[in-house]
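Down below is the structure, laid out as structure tokens.
Quick note: the coordinates plus some simple rules give every number you see, no bench work behind them. Just so it is clear, the structure is predicted and the values come from calculations on it, not from any experiment. Note that we place each Cβ from the backbone using ideal geometry, even for glycine, and neighbour counts take in every protein chain shown.
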Amino acid sequence: MLLQDTSKPIPVRLSGDRSYNIVFDVLERLPVALRNASVRPGKVLVITDTNVAGHYRSRLDEILTTDGWDPLVLVLPAGETTKSPKHLQAIYDAALAWHIDRRTPVVALGGGVIGDLAGYAAATLLRGLPFVQIPTSLIAQVDSAIGGKTGINHAEGKNLIGAFHQPNLVFVDPKLLFTLPRREWHSGLAEVFKHALIKDAVFFDWLESNLSQVISRHPSTVGDLVYRAASVKAAVVGKDELEHGERMILNFGHTFGHALEKVVGYGVLTHGEAIIIGMRAALQMSRRFHSGLDQSRVENVLQHIPLPPLPSTVGSADLRSAMTTDKKRDQALLRFILLKRIGKAYVTSDISDADIDAALDHALGRSH
């Protein structure tokens, strides 16, 4: 086991009075956490999707109504395509017709798609509403629910329309992860591995030593895994809220991965699957500049995540073209996150097209 007290909230320390906690507890204890976060009973807009609603809608509704809340639950289609202007407008219409006020919290009950979409609605309705994340996927519990990034997708790329809007509370019940489909669990592990690789070599050692239990979602590892990965995200966000510096390292594998998602079509790969391939590309590029990086050790871990076959038509030229719309670019230059060693990441734009092509060909399993 990792030496950590998983019962303690993880603070996300921001300037002013905007700091908040990531609270780890069973869902029935949500009302206590809401009060501690100064979110008081009244109307509450709950946004979820069809998959999550089947498991947890009635349970959450009972918890809230018993505590004196008046919930309006919006159930949206599951999937990446829900992060769209169409579904954002549906939230606006329902919320305004219900006569919300500026004290009405928006609660996101779901994975990264619902969290991003609901968060952007909270950021923009009445110029900003209280926001609570109840993440139900691994990728959301350790990554996307933490840090205030919200938004929707555009035809030109993922998350190109959005805003920073920090939640008042992130409430994590790791037991919710046991209803997650196996593919989504594996997808979330991409972000877990990423956090260890960029910032926490001890955590990577632990993941490597417990890999079979991690991959199989053994109950003895889930709580530790979620808590440690979320701690990495919280620490980075606290140092760089708006992604002007250190927070950029959280995009390890994402410049490649987002391009891949765009080229093959959203929904063909899960986000995590695309990021696994993106991290393989970033590792290859990192090894080009840092011969001491143990690339094979990392790839031996990453290869335990099953990946679907990619269309043979996907090539490095298409992916490089897709990168030009990546929001992480710096004027005319693309920014890449590389590893000096396990646990130590940095940002660079000093990368040639040949380096990019070689990295992509490696990640796609093709000779250069």
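The table that follows gives values for the structure above.
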| item | result |
| --- | --- |
| Under Karplus coefficients 6.51, -1.76 and 1.60, residue-wise ³J(HN,Hα) of the stretch 240-247 in Hz, glycine/proline x | 8, 4, 9, 6, 9, x, 4, 4 |
| MRE, 222 nm, helices only [DSSP H, n ≥ 4, -39500 (n - 2.57), over the chain, to nearest 500] | -13500 deg cm²/dmol |
| Inverse mean reciprocal Cα-Cα distance (Kirkwood Rh) of the stretch 27-186, Å | 15.4 |
| Rounded to 10°, Cα long-axis angle of helix 271-289 versus longest principal axis of the chain | 40 |
| Folded to 0 to 90 degrees: helix 85-97 orientation relative to the chain principal axis, Cα | 10 |
| Helix 219-239 vs. the chain, principal-axis angle (Cα, 0 to 90°, nearest 10) | 90 |
| Gap separating the Cα centres of the stretch 55-134 and the stretch 238-252, nearest whole Å | 27 |
| Calculated from backbone phi, Karplus (6.51, -1.76, 1.60) coupling profile of the stretch 133-142 in Hz, x at Gly/Pro | 9, 10, x, 10, 10, 5, 4, 7, 5, 9 |
| Taking the chain and dividing mean pair separation by its residue count, relative contact order in percent (alpha carbons under 8 Å, at least six apart) | 15 |
| Contact order normalised by residue count of the stretch 10-179, Cα under 8 Å, 6+ apart, percent | 26 |
| Cleavage-rule hits, trypsin sites (Lys or Arg not before Pro), the stretch 60-151, DSSP coil, Cβ neighbours within 10 Å at most 13 | ARG102, ARG103 |
| Rounded to whole Hz, the Karplus (6.51, -1.76, 1.60) HN-Hα couplings of the stretch 164-169, x for glycine and proline | 7, 8, 6, x, 7, 7 |
| Under 5 Å, built H, 5+ apart or other chain: amide partners of ASP49 | LEU76 |
| Dipole in debye (nearest 20) - the chain, about Cα centre, beta carbon charges: Lys, Arg +1; Asp, Glu -1 | 360 |
| For the stretch 185-363, radius of gyration divided by Kirkwood radius, i.e. Rg to Rh on alpha-carbons | 0.94 |
| The stretch 144-279: relative contact order as a whole-number percent, Cα under 8 Å and 6+ apart | 25 |
| C-alpha center-to-center spacing [the stretch 30-51, the stretch 286-327] in angstrom | 39 |
| At 0.890 mPa s and 25 °C, Stokes diffusion of the chain via Kirkwood alpha-carbon radius, µm² per second | 118 |
| Extent along principal axes [Cα atoms of the stretch 166-236; Å; largest to smallest] | 34, 29, 19 |
